[in-house]
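Below is one structure, written out as structure tokens, with a few remarks after it.
The values are calculated or read from the model by the stated rules, or taken from the named source; none is laboratory data. These numbers come from a predicted model, not from an experiment. Ideal geometry is used to build each Cβ from the backbone, glycine not excepted, and the neighbour counts take in all protein chains shown.
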Amino acid sequence: MSYFRDVGALARKDLLLELRARDTLPAMLLFVASVFVVFHFALPASPSRLATIGLLWVAILFTALLGLGRAFVPEREQRTMDGLVLTPCDRSAIWLAKSLATLAFLAAAEVVALPLYAVFFHPIGGATVAAVVLADIGICAVGTFLGAMAVATRARDLLLPLLFLPLAIPIVVGAVGASVAASPARYLGFLVLYDALFAVVCWASFEYVVAE
Amino acid sequence: MLIARRLGRRYGEKRVLRGINLELPSGGFLVVTGANGSGKTTLLRICAGLAQPTEGTIERSVLRAQVGYLGHEPLVYRELTAFENLELYGRLYRVAERGERIGMLLERFGLWDVRHERVASYSRGMTQRLALCRVLLHEPELLVLDEPYSALDEAGAELLDAQLAELRGERTFLLATHEPARLEPFATGRLALAA
């Protein structure tokens, strides 16, 4: 139980920091809204659903990347990771809490993004919403892990997309498939498998990411 | 408490620490001195468990939860208040009667009246006082302090002196400083690092 209390305390800290600094969520909201507005005017009238679903997932992926890039900024700028890793809490709790906080920011951005997509392009179906939920989990689990790796390097802004985007390809495949296929169950199952596999790998190896 | 044999650390091609031997018994007070770039901070980070040596061995008889580390940075969140920072660390360290302990430390270090203000609004000296509160919060067995007098005014330095005097003998100290004379009354051992 103390593990989840630690996760709760750390996630609460991240939400409080965002509430005070407001430097992640507004950027994510502005970015995703701008993408839809720009493409609303850039695409020909009545674009196909297939094309706009692709656009939706690219927008979600890059919006998430914005949030992931900022996830460990307080720990980097104020060197607080040293303080956190010295505490007796399991180091994976730091990853889990950060993933949950990033997931909350991404979900908040999508609460605006999905209706906006429906207004500008096509209605959103239940399978797409399910795919968004499952994809978010995978994006935040893997992205937070890679964000912690990238933040320790000088080329952090370049490194995170370079590491993250190839690993996000299966998420895009599963999510787009679930959004457009007649029977999305197979693709949703694939996303569940991806989430479970990468969550376990990230959880088990985060200890080595924060060790110097 | 702490035994290091032929300790060394490289960062790529650069060697920042070489052949350090030290023995710090329980209750000891070891003062580390040396010029800038002599490896004091690296040595302290290794002893605290924040970095691994690339050469030699180190044995620590304390768990990481029993280490209190003060670095060059205060290791607190600037957008949180002093109380929120200590509350977070208190939870993670499972400090019993957290509220009382935090209140006592904030009172002692003269931060009680500003406990609900964000750390970003603090002066460097106040932030250093908060960092000392963070280090002492969980009553660590081993205190690893890197330049603890840095940014403290005379009143703050006297508070720290009083704290060191109170804990000397009860806790084990490893402390890096450019002002060894100030710590002369407490020191049980000295280690001078060559640049």
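So here's what we get for this one:
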| read-out | value |
| --- | --- |
| Matching residues, segment A:1-13, being closer than 18 Å to B:Leu80 by Cα and more than 10 Å from chain B (Cβ to nearest Cβ) | A:Val7, A:Ala11 |
| Those residues of segment B:73-83 which are touching a strand residue (DSSP E or B) at 6+ places or on another chain (Cβ under 9 Å) and either hydrophobic (A, V, I, L, M, F, W, C) or under 16 Å from B:Gly103 (Cα atoms) (or both), in sequence order | B:Leu75, B:Leu80, B:Thr81, B:Ala82 |
| Single residue of segment B:54-97 satisfying the filter (in contact with a His (Cβ under 6 Å, 6 or more places away or on another chain) and assigned to a loop (DSSP other than H, G, I, E, B)) that is farthest from the other protein chains (Cβ to nearest Cβ) | B:Val95 |
| Meets criteria (in a strand (DSSP E or B), in contact (Cβ under 8 Å) with a residue 40 or more places away in the chain and surrounded by fewer than 17 Cβ atoms within 10 Å (Cβ to Cβ)) for B:Arg5 | yes |
| Yes/no for A:Gly189 being touching a Phe, Trp or Tyr at 6+ places or on another chain (Cβ under 7 Å), more than 23 Å from A:Leu100 (Cβ to Cβ) and part of a helix (DSSP H, G or I) | no |
| Enumerated helices (runs of 4 or more DSSP H) restricted to segment A:18-78, each holding at least 1 residues that are free of Cβ contacts under 8 Å to residues at least 40 places away in the same chain and farther than 30 Å from B:Leu75 by Cβ | A:25-42, A:49-71 |
| Residues satisfying the stated conditions in segment B:59-73, i.e. modelled with pLDDT under 95, of a type outside the set (D, E, K, R) and in contact with a helix residue (DSSP H, G or I) (Cβ under 9 Å, 6 or more places away or on another chain) | B:Ala65, B:Gly71, B:His72 |
| Which listed residue, of A:Pro88, A:Pro115, A:Pro123, is without any contact (Cβ under 8 Å) to a residue 40 or more places away in the chain, more than 14 Å from every other protein chain (Cβ to nearest Cβ), out of contact with any strand residue (DSSP E or B) (no Cβ under 6 Å at 6 or more places or on another chain) and outside any helix (DSSP H, G or I) | A:Pro123 |
| Condition met for A:Asp157 (in a helix (DSSP H, G or I), among the acidic types (Asp, Glu) and touching a Gly at 6+ places or on another chain (Cβ under 9 Å)) | yes |
| Residue among B:Phe186, B:Phe173 that alone is surrounded by 15 or more Cβ atoms within 10 Å (Cβ to Cβ), modelled with pLDDT under 95 and in the same structural domain as B:Leu24 (by TED's automatic domain parsing) | B:Phe186 |
| Only listed residue being in contact with a helix residue (DSSP H, G or I) (Cβ under 9 Å, 6 or more places away or on another chain) and either more than 30 Å from B:Arg91 (Cβ to Cβ) or away from every other protein chain (no Cβ under 14 Å) (or both), chosen from A:Ala27, A:Ala51 | A:Ala27 |
| Set A:Val58, A:Val73: member being within 13 Å of chain B (Cβ to nearest Cβ) and β-branched (Val, Ile, Thr) | A:Val73 |
| Members of segment B:152-195 that are among the polar types (S, T, N, Q) and in a loop (DSSP other than H, G, I, E, B) | B:Thr177, B:Thr188 |
| Criterion (more than 18 Å from A:Gly69 (Cα to Cα) and surrounded by 17 or more Cβ atoms within 10 Å (Cβ to Cβ)) met by exactly one of A:Thr24, A:Thr52 | A:Thr52 |
| Per-region count, segment B:109-131, residues among the hydrophobic types (A, V, I, L, M, F, W, C), within 13 Å of chain A (Cβ to nearest Cβ) and buried (at least 20 other Cβ atoms within 10 Å of the Cβ) | 3 |
| Of the criteria (1) modelled with pLDDT under 95; (2) more than 14 Å from chain A (Cβ to nearest Cβ); (3) surrounded by fewer than 18 Cβ atoms within 10 Å (Cβ to Cβ); (4) at negative phi, which one B:Met104 fails | (1) |
